[in-house]
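Step one of this worksheet: look at the structure below.
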Amino acid sequence: MYYIDEVKKSRGYDGYDVIISLAYTQNLNTKASMWCTKRQMIDYINAHPYSTVKTKYFRNGSWHVGEDVHVVDNEYLRTDPNNIKRDNLGEL
């Protein structure tokens, strides 16, 4: 299982935020230190359909598991499985 706890974004041509890169780790209890591009994460999720990727967040002095990360239209990362064609990883 991988956890994402930070993203870098830029403003897309449509005015919405677009994820550029993500910080990830396999450890729930430490800040992520490995980085990959959004495309690399999409390719990983697609190539490993039985692997789980989730968000995580730090609150009240400890790390908490967030939501499952889904790929939409082979281009977007979302924490909700709807088909809106836009990146959305919650509060990250």
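The values are calculated or read from the model by the stated rules, or taken from the named source; none is laboratory data. What you see is a predicted model, and the numbers here were worked out from it, not measured in a lab. Because the Cβ atoms are built from the backbone with ideal geometry, glycine has one as well, and the counts that use them run over all protein chains shown.
Some observations on this one:
- Test: Leu28 is among the aliphatic types (A, V, I, L, M) and in contact with a helix residue (DSSP H, G or I) (Cβ under 7 Å, 6 or more places away or on another chain): no
- The set of residues from the range 60-92 being of a type in the set (Asp, Glu) and farther than 19 Å from Asn27 by Cβ comprises Asp73, Glu75, Asp80, Asp87, Glu91.
- Which numbered condition Ile45 misses (of (1) assigned to a helix (DSSP H, G or I); (2) touching a residue at least 40 places away in the same chain (Cβ under 8 Å)): (2)
- Matching residues in the range 77-90 - criterion: being free of Cβ contacts under 8 Å to residues at least 40 places away in the same chain and of a type outside the set (A, V, I, L, M): Arg78, Thr79, Asp80, Pro81, Asn82, Asn83, Lys85, Asn88, Gly90
- Filter pass, Glu91 being at pLDDT below 95, of a type outside the set (Phe, Trp, Tyr) and within 13 Å of the chain's Cα centre (by Cα): yes
- Any hit, the range 62-84, residues being surrounded by 13 or more Cβ atoms within 10 Å (Cβ to Cβ), in contact with a Pro (Cβ under 9 Å, 6 or more places away or on another chain) and more than 24 Å from Tyr13 (Cα to Cα): yes
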